[in-house]
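Let me begin by presenting the structure, written as structure tokens, before commenting on it.
What follows is calculated from the coordinates using simple rules that are stated; it is not laboratory data. The structure presented is a predicted model; accordingly, all values stated were derived computationally and were not measured. All Cβ positions, even for glycine, are placed from backbone atoms using ideal geometry, and neighbour counts span all protein chains on display.
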Amino acid sequence: MSSAVLDGRGEVINGGFGLVLDGSQEAASRARSMLSWDVNNGVARRCWSGNLHAKNAICKAMKENSLLKVTIPSHVEDLALLEKALKS
């Protein structure tokens with residue numbers, strides 16, 4: 001999956017990643033792996049930012065794929081404790 005950036009004039013600058021899909025089983029396997037990683041990476045980042053739907057989605061993805069390991073954030077219940085920890 002290529003990342004691309006619009007430069008303001010309607011032209012695209014390629015981010016430098018390409019995936020060759022030649023119809024082979026190996027290419028299909030690489031595509032599934034890369035797309036799964038790419039999507040789950042974005043979902044994990046949203047989970048870490050506090051998005052509850054992303055947390056549920058990444059937990060479901062980890063149940064479906066035993067190789068996927070994502071650290072789930074712990075939310076602070078006592079904000080005074082957080083403030084105290086940050087002042088130390």
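Using packing as a proxy for protection, rank 51-57, 70-76, 27-33, 40-46 so that the peptide with the highest average count of other Cβ atoms within 10 Å comes first. Don't skip to the end; give the middle numbers.
Details: 51-57: 14.0, 70-76: 10.4, 27-33: 12.0, 40-46: 15.7.
Averaged packing, sorted descending, gives the order 40-46, 51-57, 27-33, 70-76.
With θ taken as phi - 60° and the Karplus curve 6.51 cos²θ - 1.76 cosθ + 1.60 applied, the whole-hertz 3J(HN,Hα) list for region 57-72 is 5, 6, 5, 5, 4, 5, 5, 7, 10, 5, 7, 7, 10, 10, 6, 8 Hz, x standing for glycine and proline. Put a dot 7 Å past each Cα toward the Cβ at LEU86 and ASN56; how far apart are the dots in nm? It is 2.9 nm.
Candidate cross-link partners of LYS55 among the lysines, defined by an alpha-carbon separation under 22 Å and a same-chain spacing of 8 or more, comprise LYS63, LYS69.
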